[in-house]
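Encoded as structure tokens, the structure appears first; notes follow it.
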Amino acid sequence: MAPLEHYLIVSALLFTIGVMGVIVRRNVIVVVMSIEIMLNAANLAFISFGRFLDSMDGQLIVFFVMAVAAAEAAVGLAIVILIYRNRESTDVDEMNLLKL
Amino acid sequence: MALTDYPLITWMVFLPLLGGFALMLIQDSDEAGGQRVRAAALIFSLITFLISAAIYYGFQADFAGMQFVERGQWIPRFGISYHVGLDGISLPLILLTTFLTPLTILFSWRDIKSRVRFYHMALLFLETGMLGVFVSLDFFLFYVFWEGMLIPMYLIIGVWGGTRRIYAAVKFFLYTMAGSVLMLVAILWLHFEAGTGTFDILVHLSRPIDPALQGWLFAAFALSFAIKVPLFPFHTWLPDAHVEAPTAGSVILAGVLLKMGTYGLMRLAMPLFPTAAREFATIIMVLAVIGIIYGALVAMVQQDIKKLVAYSSVSHLGFVVLGLFSFTLLGATGGVLQMVNHGISTGALFLIVGMIYSRRHTRQIEDFGGIARAMPVFSIFFVITALGSIGLPGLNGFVGEFTILAGTFSRSIPFGVAATSGVVLAAIYMLWMLQRVLFNGEPSRVNSRLPDLNFREWVVLVPLVVLMFWLGLYPKPILGKIEPSAQAWLRQVNRRVLRVESPRKAPLPQAVLSSSLKGLRP
Amino acid sequence: MMNLIALILFLPLAGLFVNLLFGWKLGEKFAGWVASAAISGAFLAAMGGFVRLIGLPPEARLLRLVLFEWIPIGGFQVNAGFMLDPLSSVMTLVITGVGALIHFYSMGYMHGDRGVVRYFIYLNLFVFFMLTLVLGDNFLVLFVGWEGVGLCSYLLIGFWFGRESACEAGKKAFVFNRVGDFCFLIGLFLIIGVFGTLDFAEVLGRAPTTLVAGSGIATAICLLLFAGATGKSAQIPLYVWLPDAMEGPTPVSALIHAATMVTAGVYMVARAYVLFELSPVAMNVVAIVGAVTLLVAASIALVQTDIKRVLAYSTVSQLGYMVLALGVGAYSAAIFHLMTHAFFKALLFMGAGSVIHSLDGEQEMNKMGGLNAALPVTSMTCTIAALAIAGVFPLAGFFSKDAILYSAMTSEHGGVLFWLAGAAGALMTAIYIFRLIFKTFHGKCNLTMETQARLHESPRVMTLPLQALAGLSIAGGWVGIPLIPGADIFGGFLAPSLGGLAEGHHEALFEVIMMAISLAIALLGIYIAYKLFVRNVGGGAAYAERWPRLYRLVLNKYYVDEAYDYMIIQPVKRISTRLWKDFDDGFVDSSVGGVGGFVRLIGAAARQLQTGYVKSYAITMLVGALAVILYLTSGMK
């Protein structure tokens, strides 16, 4: 069986890809997808720890995360659609509504 | 089953909240929907009033302690409980709250045309917040209601207010927040440092606190309440908030919200830290007397009727504070009674000002004159209310003022004399205003066509005027309910604490948190 | 059996409520009759009460009625309690008797006014409060009536609020009264402090043992109570509101500002005489204030030309007599003069009202004259009243004024100076009142022909009360005849309330001389008036030209109003405005605003960090997360 480190490295790589995606990409949909990648990276880490520590906790958490991720994706995409309808664009750099 | 066995307080406090949420189910997009919203809100507030009436009926006048007590665990880990109850000090204020709320809803029937549902939700939430403050016997609960109440009030001023509403709302919010934060620090200190590990107010009241520590704790509490009262010189938010708030907001603000300050002083600041309260008494009495005279003087030269009434509140509330800090039975009982009286008279004054404002769309005194010719009935109500407010014997204001002054005199004659001069000044500013608004020549063309009171306005004003006479002529029932509690309160604030051995410390939150964080560390 | 006190009190209130409910619809006639009937009923009840008192032995002449506990807090208790003793009985008879006549008179005088229903409601309310004042069995119920009559006076002075001056006068009256009340209240609080109660029976009963005679606290209490009386009874320094109060309808001036309300202060001091006896200083102050007031007001009355203002200053002056009587310890003389004054002064005012009524509102005496022919009844009755006030034997004023002058000379608190003041006042009284009579009813008529043609005597509903009061002005004094043993029925009746009569040391010869002197003074005054205003018209003006500055000083009422305005009212207004603009909006708000500005400055700097772009927030979060991880792992080594 491959050692724990291998799994963790894959997980870290995936997470980094997600982070970079959020920071670099301009399309909102890609940003949302990147967030999903980050979540799945975390899932991978949880599963691996669970397996190697012989505990069910990791898998339990992953189910939670998956449920949350599904909800988050739904809400996120709904927001994206609304933004697109209002602004005719999905470019994050054009959105600064957080600033009053 | 006796009346006291029902959880009446919980019902009373949370029914408006429930009602507020129920309003969400009603569409208010058209006029008929708006009517339904108003009717529903009115019904909820009336039922709340009926519950409070039942509480009044079941209240044991000869028992000084807390009644209708309900108690349950809430967050046991931090010693937070759901603990409510009332005594003769909170009972009159509760009745005042449940009494004024339906009247304000009835008053705004035609005044509020935009976002009707949202408005009534805010009013009902506000009622829950106010009632909660008056019944809470747990610091945490108290603080939740105390702060929660700010939000609907902020919205009422900020959304339905006048032209400078945002400025006024923010000013109102910031002033009150600034005070509350200090109180929060003091509450947390009590919880963690006083060695009880509980937020229960009654437990804290029964435990003496080292006099050496009382000073700053009292200051923190008192400052928070003084801003709310408002005690001179923390009063400048009040005129702005009143002038900009819609009528219903002003009524609630003056009628109930200001009483939270005096109630807080009476329920928490003074009995928790009696030694400090006695030490600070002279300073606070000086401020109260300055407030009485200052408020009256400034009210005299106002050109806006609403602002005049607002400044008169500064003066009247000064009387209440003076009564409390006289540390006498007369002063304390009179103080509680005066809180109610001020709520009724000033509430009625704001309603009356609102009535001419909605007809004439101005509140400048110089725009009026001779109104009595056009609106005789309105004028009668206005005169009676104004006279009640300036303490004409036979009407409500007098009994409170008289007993407060009698109490003050028995403690200090100079303070008494200075405060009594407020009586003369009150007559001047109120009558001068009445004269310029109602009388002084024939009405101008616009003013001579103003319609007199309609049926709805009658319904709003008559109960208030009846109460003014009742409290002025036969205050015995209500005094009888206040007195035992006031006596118990007096014993509490007069008790002397010499020294308390240093308290055992309870675990601090950082400790709790870091212990749980430890598990994370590999 | 019906409780008489309740009947006296609540009949006016009942009249008020009937009018409040039905008067607006059923009109002026109905309202007038209801109001008058209510007061007449109260008068009958007051008579009943009087008869009941007479039937009791002198020491037991006291009826009580406690309606309910008003303010019970701990050991302190005030009842809504009332009592009828000889003093209250006299007052109720005067109030309801004169009051009923004035109500009837008002039906004629106010005929056709659009606010007549409101007028009768106010009037009934006033009588109710006035009765509360005199019937209350403790200081606080007295104070209820005290404030209540002040309120009614405010409303009735400003009754014709179409005139701005009327509103101004009403407010002035109320505010000056409130200044007096301020002192009165402080006096009450001191009484509470000393006695722990406000009940007359207890306070007055315990006063001689509780308070040390001549002590500072006794003096303070008395002076404060008296200060309250100077407000209500228009004495120096608070008298200036009364002349302005003439803006009200004339029957109101007759009822409130001559016969009843303004005497409340006198009543109160008489009621609390036990306290005053304990403080010689206070007694002296009372006497001096009374003497000075009677002189100052009488001198002003000499030169006024508005018929009602002359009467107003005359009232102030006559009240000065009563206060002087109180100050020299002649309480029953004060109440005696209060009663006779109520008769003749109400009559004078109603006569003046009758004149004004027939001249369509003209009040300027210089424009009148020769009205004797057109208004025979008014002229006749007014002349009787004038003789009475001047103190001509055997009219009512003679006996009461003589009683005061005699006491001023002989009482242990009195002195020659007080007597001189009273005598000088009496001379001026005779002059100014006959100046009024001569200028109004005699001599050349200065009216326009048009007005002259329309002159008419007032209707019977107005002249009948005049005649009734004229009868009382003649005979009212006969209940208090001195010298003859047992003829001073009045003093004897009041004795249980006001302490025993100083019987015995009336020296007959001395008293007769005194009476002769005061009669001579009155006749001299009338003669001077006759000389100056009838035989030699313009004789008064000649004196005015000889001392123009003195004349202007008196004509302008010694500039007291202006002084008040300059020294008190304007500065207070200025200070208040300064406080508001500079302190509230300036200092407090700008210091709070300064704190806000500082926070805002920091906020502006921090704001630069908030770009609003999701990306920059994401980077910040990343950096933050890395920092936390580094921190947590740093201890792992």
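Each value in this text was obtained by applying a stated rule to the coordinates, not by laboratory testing. From a predicted model like this one, the values you see are computed outputs, not experimental measurements. Here Cβ is always computed from backbone atoms with ideal geometry, including for glycine, and neighbour counts include all displayed protein chains.
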Per principal axis, largest first, the Cα atoms of region A:4-87 extend in Å by 50, 24, 9
Can you tell me the orientation of helix C:216-232 relative to chain C, as the angle in degrees between its alpha-carbon axis and the longest Cα principal axis, to the nearest 10? 80 degrees
Pairwise FRET efficiency - C:Ser215 versus B:Ala61, Cβ, R0 = 60 Å, nearest 0.05: 0.90
Would you mind checking the pairs B:Lys306/C:Lys232; B:Lys228/C:Lys171; B:Lys481/C:Lys232; B:Lys259/C:Lys573; B:Lys307/B:Lys481; C:Lys345/C:Lys367 and listing those with alpha carbons more than 25 angstrom apart? B:Lys306/C:Lys232; B:Lys228/C:Lys171; B:Lys481/C:Lys232; B:Lys259/C:Lys573; B:Lys307/B:Lys481
Hey, got the average number of other protein chain Cβ atoms within 10 angstrom for residues in B:321-332? 1
Cα centroid separation, region A:37-69 to region C:1-43 (Å): 91 Å
1/(1 + (r/R0)^6) with r = Cβ-Cβ of B:Val144 and B:Phe21, R0 = 25 Å, i.e. FRET efficiency to nearest 0.05, evaluates to 0.90
Between region B:255-326 and region B:419-443, how far is it from one alpha carbon centroid to the other, in angstrom? 22 Å
Using alpha carbons only, how many degrees (0 to 90, rounded to 10) separate the axis of helix B:31-58 from the longest principal axis of chain B? 60 degrees
Please list, in chain and number order, the residues 5+ apart from B:Gly370 or on another chain whose amide H is under 5 Å from its amide H, with Hs placed from the backbone. B:Leu438, B:Phe439, B:Asn440
If amide H atoms are built 1.01 Å from N in the plane of the peptide, which residues on other chains or at least 5 residues away come under 5 Å of the amide H of B:Gln302? none
Straight-line reach from C:Lys172: which aspartates and glutamates have a Cα under 12 Å away, not including same-chain ones fewer than 8 places off? C:Asp244, C:Glu247, C:Asp561, C:Asp565
Can you tell me the mean projection area, over all orientations, of the convex hull of chain C's alpha carbons? Units nm², please. 45.0 nm²
Along the Cα→Cβ direction, 7 angstrom out, place labels at B:Ile413 and B:Lys113. What is the inter-label distance in nm? 6.1 nm
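Please report the relative contact order for region C:375-494, taking Cα pairs under 8 Å with a sequence separation of at least 6, and give it as a percent rounded to a whole number.
Result for region C:375-494 is 38 percent.
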What is the Rg over Rh value, at two decimals, for chain B, using alpha-carbon atoms and the Kirkwood definition of Rh? 0.98
State, as an integer percentage, the relative contact order of chain B based on alpha-carbon contacts under 8 Å between residues 6 or more apart. 17 percent
When you look at the Cβ of every residue in B:417-430, what mean number of other chain Cβ atoms sits within 10 Å? 4
Region B:406-421 - phi-based ³J(HN,Hα) in whole Hz, Karplus 6.51/-1.76/1.60, Gly and Pro as x: 4, x, 5, 4, 6, 9, 8, 5, x, 4, x, 5, 4, 5, 4, 4
Enter the Cα centre distance for the pair region C:378-407 and region C:263-335, rounded to the nearest angstrom. 17 Å
What ranking, highest mean first, results for peptides C:150-163, B:139-152 when packing means the other Cβ atoms within 10 Å averaged over each residue? C:150-163, B:139-152
Compute the acute angle (0 to 90°) between the alpha-carbon long axis of helix C:24-55 and the principal axis of greatest extent of the alpha-carbon atoms of chain C; round to the nearest 10°. 70 degrees
In units of 2.2 N^0.38 Å, what is the alpha-carbon radius of gyration of region C:411-479? 1.71
Using Cα-only point scatterers and the Debye equation, what is log10 of I(q)/I(0) for region B:35-142 at each q in 0.14, 0.19, 0.20 Å⁻¹, rounded to two decimals? -0.64, -0.96, -1.01
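Net charge near C:Thr260: determine it from the other residues with C-beta under 14 Å of the C-beta of C:Thr260, scoring Lys and Arg +1 and Asp and Glu -1.
After counting each charged neighbour, the total is +2.
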Per residue of region C:383-394, in order, report the coupling 6.51 cos²θ - 1.76 cosθ + 1.60 (Karplus, θ = phi - 60°) as ³J(HN,Hα) in whole Hz, putting x for Gly and Pro. 4, 4, 4, 5, 4, 5, 5, 5, x, 8, 5, x
Positive end of the charge dipole of chain B (Lys, Arg +1 and Asp, Glu -1 on Cβ, about the Cα centre): tell me which of B:Ser485, B:Trp237, B:Ala332 has its Cα farthest that way. B:Trp237
Compactness index (Cα Rg / 2.2 N^0.38 Å), the protein assembly as shown: 1.14
For region C:287-430, list log₁₀ I(q)/I(0) at each q in 0.08, 0.14, 0.15, 0.20 Å⁻¹, using the Debye formula over Cα point scatterers of equal strength and ignoring solvent, two decimals each. -0.22, -0.62, -0.70, -1.11
